[in-house]
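Every read-out reported here was derived from the displayed coordinates using simple, explicitly stated rules and does not represent laboratory data. Predicted, not measured: the structure shown is a model, and the values here were computed from it. Virtual Cβ from ideal backbone geometry, glycine too; neighbours counted across all protein chains shown.
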Amino acid sequence: MINRFLKASLLVFALAIVLCPFNLAAADSLHYFALIERDTVPVAGQEYFLRHTFMHEKGVHRATNYWRGMLAPINSRVYLVTIGEKSMTLRLGSGETVRVENVPNFTRTDMATIAKRMLSYKPVPIERFDKATVAAIKNGVMKIGMTKEQVIMAHGYPPAHETPSLELDTWKYWSSRFVTQSIVFENGVLVRGRGIQ
């Protein structure tokens, strides 16, 4: 009798661990990073979808990812006008053009990789997330309980000179050259950061 009880208790405990929302959330639930790796480099003259929300100011988005200016939400349709070694130009649905500039000293990568990270052939299936998370991602808002992939979708990539690996539990973003924001993950889930709710 005790043996059956222990087996049943272990089974319930194992199911609770597997089905726990934080464990599900911590998984790469959309295989977001794997899809980026597998995709080919975007080419000029084609339409794409934004893979993450980003900000641009005066027609420029620096890949160091300063968080100021106008919002361009995830899954917005964009047209890739040009792509070169140091920058690419996007035309947004509004007709406005945005030059995406790479700063390799801070991004630690090339323009082709930045283009793959920003542009997708298909919309990112964020509708699989709950409504509050979808709204936060579209509005560029990081919130407690988000996975690393959801934070990237909402806010883009942190500059690699201060966050050299996405495997780290602390990431650092910039609002400007002088204002930073550190966020902390535990088990792949955002647990705290200045201004994060």
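Taking a straight Cα-Cα cut-off under 14 Å and skipping sequence neighbours fewer than 8 places away in the same chain, the aspartates and glutamates within cross-link reach of residue 86 are 101, 110.
For a quick check of your reading of the filter: which GluC sites (Glu not before Pro) in the stretch 71-178 sit in a DSSP loop and have no more than 12 other Cβ atoms within 10 Å? When the GluC sites (Glu not before Pro) of the stretch 71-178 are filtered for loop state and at most 12 Cβ neighbours within 10 Å, 85, 96, 167 remain. Rg/Rh for the chain stands at 1.06; both radii use Cα atoms, and Rh follows the Kirkwood definition. For residue 138, a cut-off of 13 angstrom between C-alpha atoms picks up these aspartates and glutamates, skipping any fewer than 8 places away in its own chain: 127, 130.
Under the simplified labelling scheme, the residue 43-residue 94 pair shows an inter-label distance of 3.1 nm, with each label point 7 Å from Cα along Cα→Cβ.
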